[in-house]
Structures are given as structure tokens and as C-alpha cells.
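Where a number appears in this text, it was derived from the coordinates with a stated rule and is not lab data. Computed from a predicted structure; not experimentally measured. All Cβ positions, even for glycine, are placed from backbone atoms using ideal geometry, and neighbour counts span all protein chains on display.
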Amino acid sequence: MALDASFVGRSWPPRTYRVGAEKVREFARAVGATDPVHTDVEAARAAGHADVVAPPTFPVVFTWEATREVVDDPALGLDFTRVVHRDQAFELHRPVVAGDVLTTVVSVAEIKELAGNDVVTFRCDVTDPDGGSVLVSTATLVGRAGEDA
């Protein structure tokens, strides 16, 4: 089933996430980020940060939650049982640290067909309370063609 191309360019309501120090530590352990700035507040402060610093891929924790709202919209037409994650990128404008209150706005950047598969790219713009850009995340998912395609 082809994806609804009218979703391209649409944005969804902002979602807010408070970055917790223990969440940063858990994520750092899970991905093997061993720099003490990720787990030790004193090491982070010595490096010039207010609190522990999230590993660069940590934003997937909250950007995926925002993206999932779009993915789960039946009007998009994406069969999540047939999805593979093709690509993920983070353009960090500053480090994410514990205590940050971040707002994510997700939009659909592109929809296309590739070899009978549906390909959709999502963009998440993440800002701080003053509206400053913290990061931009993009994720591309592929809805594999069915057996009958």
C-alpha cells in the first residue's frame, strides 16, 4: 500500500521531554559510552557542563516517541509490522545534558517508493525553552513490499 504523500511537509504538535540524569547514565551504559562525563556529574562539571552529558545518540529516546505518533497514524498507511530502520542521523548544535527541557517537533520530510518499498523520512527539530536549536534528527524507515508486490 502506498504511503499518503500529503503527509510530506506536515508537522505535529510539539512534545516536551525533561532529560533525567539517571536516564543519561542508563543510556550511556547500554551503548557502552565510557567517558565519565556521561555518568559522573563532577566529571561533567569539570568539562564545563552543568550536569551529565548525554551520548550523541541519546536523543533517539525522545525523538522516537514523537515520531511514533506519526508512524502509528493509520492515515499514513505504513504497516509497521513490515518496517526496517534504514537510517538515523543527528545534527547536534550543542550537547544534551541532564536537566534540559527539550521540545521536539516532528515532520515528514520525504515519502518515496524504492523498488516497490515505501520509504519515509522524518525530521525532528529539537529546541530549548528559549527556542534555540539543540539538534535536528532525521530517521528513514522502509515499509517492505508485501509478498504480492
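Once you've got the GNM for the chain with C-alpha springs shorter than 10 Å, pick whichever of 44, 109, 75 has the biggest mean-square fluctuation.
Of 44, 109, 75, the most mobile in the Gaussian network model is 75.
Mind checking the full-extension length gain between residue 73 and residue 110? Use 0.36 nm per residue of separation minus the Cα-Cα distance, one decimal, nm.
11.7 nm
Roughly speaking, what is the stretch gain from residue 101 to residue 138, that is 0.36 nm per residue apart minus the C-alpha to C-alpha distance, in nm to one decimal?
In short, 11.3 nm is gained.
Taking θ = phi - 60°, what integer Hz values does the Karplus form 6.51 cos²θ - 1.76 cosθ + 1.60 yield along region 111-122, in sequence order, with x for Gly and Pro?
For region 111-122, the Karplus curve yields 9, 8, 10, 9, 6, x, 9, 8, 10, 10, 10, 10 Hz.
Using a Förster distance of 35 Å, how high is the FRET efficiency between residue 49 and residue 82, based on the Cβ-Cβ distance and rounded to 0.05?
According to the calculation, E is roughly 0.25.
Which three extents, in angstrom, do the Cα atoms of the chain have along their principal axes, listed largest first?
58, 32, 20
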